[in-house]
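The values are calculated or read from the model by the stated rules, or taken from the named source; none is laboratory data. For clarity, every value in this text was computed on a predicted model and none was experimentally measured. Please note: Cβ atoms are built from the backbone with ideal geometry, for glycine as well, and neighbour counts cover all protein chains shown.
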Amino acid sequence: MGNRPLDTLNDVLDMPVLVRLKGSREFRGTLQGYDIHMNLTLTDAEELVDGEAVRSIGTVIVRGDNVVYVSP
Amino acid sequence: MGNRPLDTLNDVLDMPVLVRLKGSREFRGTLQGYDIHMNLTLTDAEELVDGEAVRSIGTVIVRGDNVVYVSP
Amino acid sequence: MGNRPLDTLNDVLDMPVLVRLKGSREFRGTLQGYDIHMNLTLTDAEELVDGEAVRSIGTVIVRGDNVVYVSP
Amino acid sequence: MGNRPLDTLNDVLDMPVLVRLKGSREFRGTLQGYDIHMNLTLTDAEELVDGEAVRSIGTVIVRGDNVVYVSP
Amino acid sequence: MGNRPLDTLNDVLDMPVLVRLKGSREFRGTLQGYDIHMNLTLTDAEELVDGEAVRSIGTVIVRGDNVVYVSP
Amino acid sequence: MGNRPLDTLNDVLDMPVLVRLKGSREFRGTLQGYDIHMNLTLTDAEELVDGEAVRSIGTVIVRGDNVVYVSP
Amino acid sequence: MGNRPLDTLNDVLDMPVLVRLKGSREFRGTLQGYDIHMNLTLTDAEELVDGEAVRSIGTVIVRGDNVVYVSP
């Protein structure tokens with residue numbers, strides 16, 4: 001199965017990631033944790049619209065089923 | 001897996017949280033409890049539209065599959 | 001996990017609740033029962049549109065996946 | 001858990017029920033059977049639009065994930 | 001649980017059925033088989049739009065999650 | 001359960017099939033493999049719009065939850 | 001079951017793939033890994049709109065439920 005996707009997430013713990021959600025919401029933040037559902041905890045997160053930061057949200061727990069992709 | 005998302009929820013029990021739901025609904029309230037589906041119990045909750053409180057709802061049990069994110 | 005959401009439901013058995021469904025449907029009624037899927041049985045239920053009762057429906061079994069939130 | 005929703009369905013076997021589906025479809029018929037997914041078998045069923053019968057459909061097996069609510 | 005829905009399907013094997021899918025697609029055909037997901041095999045199937053046959057499709061395997069209802 | 005749907009798929013391995021997906025996408029190709037989720041591998045596949053081939057795509061692995069039906 | 005879809009993915013590890021997502025998003029990149037949910041890790045990925053590259057995204061972890069198809 002190569003480098004399994006959750007292993008790749010593990011490799012980027014404590015690093016900045018971009019998280020694209022269903023709809024047009026994106027978050028940028030530091031990946032603090034994840035689980036097998038791809039629920040994610042980000043810290044120092046900001047919400048982006050069209051690639052621009054629209055607000056700071058601090059810590060955020062994203063429910064995995066909203067995630068389209070995560071990019072380190 | 002770092003700080004798993006449900007552990008982060010556990011850390012903010014009895015603290016105020018913002019809960020974003022699918023669609024445009026948001027709740028602000030005190031996190032009284034949660035489970036593995038991310039079902040949530042909030043107390044002293046108010047519903048927000050465009051970031052403004054539109055009504056007080058007291059205690060509310062949110063079904064987890066509606067949750068986009070929780071932010072302490 | 002604090003007061004788990006299903007325990008909160010258990011605490012309000014036989015009490016009046018407001019149930020918000022996906023879409024714009026709401027029910028108000030007495031919570032007679034529930035299960036782990038958040039399927040709900042309400043009695044003396046009425047359906048609301050924009051917060052106003054539009055019809056009496058007596059007993060109603062709601063499939064859990066339609067539930068957004070339950071508020072006692 | 002009070003009167004669990006599936007027990008309530010069991011209590012109304014062989015009795016007339018109204019079944020509301022996602023979208024705007026409704027069926028009225030006699031509840032012949034159900035299972036844990038809330039798949040339903042109705043007999044002497046008719047399909048309703050805006051509360052009026054638009055066609056007779058006899059026996060119908062409804063897949064549970066389409067069900068919003070069942071009302072005896 | 002009365003006559004469980006899948007038992008009702010079993011009773012109509014090799015008989016003509018109408019299958020309503022999500023969206024506006026319908027099939028009419030002979031029910032050759034099914035499984036617990038309500039995946040269905042129809043033979044001599046034709047696709048209907050607004051109740052009229054628009055094309056013959058022969059054998060078709062329908063994935064269960066598309067099914068709204070099956071009517072013998 | 002008659003000829004179960006997955007058995008029917010097994011019977012048409014290495015044969016041409018039409019695969020209808022949710023939305024308006026269709027593929028025509030040779031069925032190389034499948035699994036219990038109805039994930040499918042097609043070879044010599046072409047994508048169709050309104051029944052006409054719009055591009056050749058060679059081998060394609062379709063995730064099962066997109067499948068509406070498969071027709072040999 | 002022929003060449004099962006996940007085996008086909010395994011055969012194209014470290015090779016370029018096109019990944020079509022629900023909505024109109026596509027990625028082209030090198031398949032580094034996958035799992036049973038069809039979560040995917042791509043490297044050297046670029047996002048396409050209408051078949052044209054619109055941005056480079058490097059490494060990307062795609063949540064499987066967004067995948068329509070993967071084509072080597």
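Below are the figures for this structure:
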read-out	value
Enumerated strands (runs of 3 or more DSSP E) restricted to the stretch B:31-72, each holding at least 2 residues that are surrounded by fewer than 18 Cβ atoms within 10 Å (Cβ to Cβ)	B:40-49, B:52-62
Those residues of the stretch G:1-19 which are among the hydrophobic types (A, V, I, L, M, F, W, C) and part of a helix (DSSP H, G or I), in sequence order	G:LEU6, G:LEU9
Hits in the stretch B:28-51 - residues which are among the charged types (D, E, K, R) and closer than 11 Å to C:ASN3 by Cβ	B:ASP35
Residue satisfying all of: in the stretch D:23-46; under 22 Å from C:LYS22 (Cβ atoms) and more than 7 Å from every other protein chain (Cβ to nearest Cβ); modelled with the lowest pLDDT among these	D:SER24
First in the stretch C:21-46 and on the phi < 0 side of the Ramachandran plot, second anywhere and surrounded by 17 or more Cβ atoms within 10 Å (Cβ to Cβ) and among the acidic types (Asp, Glu), Cβ under 6 Å, 6 or more apart	C:PHE27/C:GLU47; C:ARG28/C:GLU46
Filter result for the condition that a residue is within 18 Å of A:MET38 (Cβ to Cβ), in contact with a strand residue (DSSP E or B) (Cβ under 6 Å, 6 or more places away or on another chain) and at the interface with another protein chain (Cβ under 7 Å from one of its Cβ atoms), over B:ARG20, B:ARG4	B:ARG4
Subset of the stretch F:52-63 [free of Cβ contacts under 8 Å to residues at least 40 places away in the same chain and in contact with a strand residue (DSSP E or B) (Cβ under 7 Å, 6 or more places away or on another chain)]	F:ALA53, F:VAL54, F:ARG55, F:SER56, F:ILE57, F:GLY58, F:THR59, F:VAL60, F:ILE61, F:ARG63
Of all residues making up the stretch A:47-72, the number that are within 11 Å of chain B (Cβ to nearest Cβ) and at negative phi	13
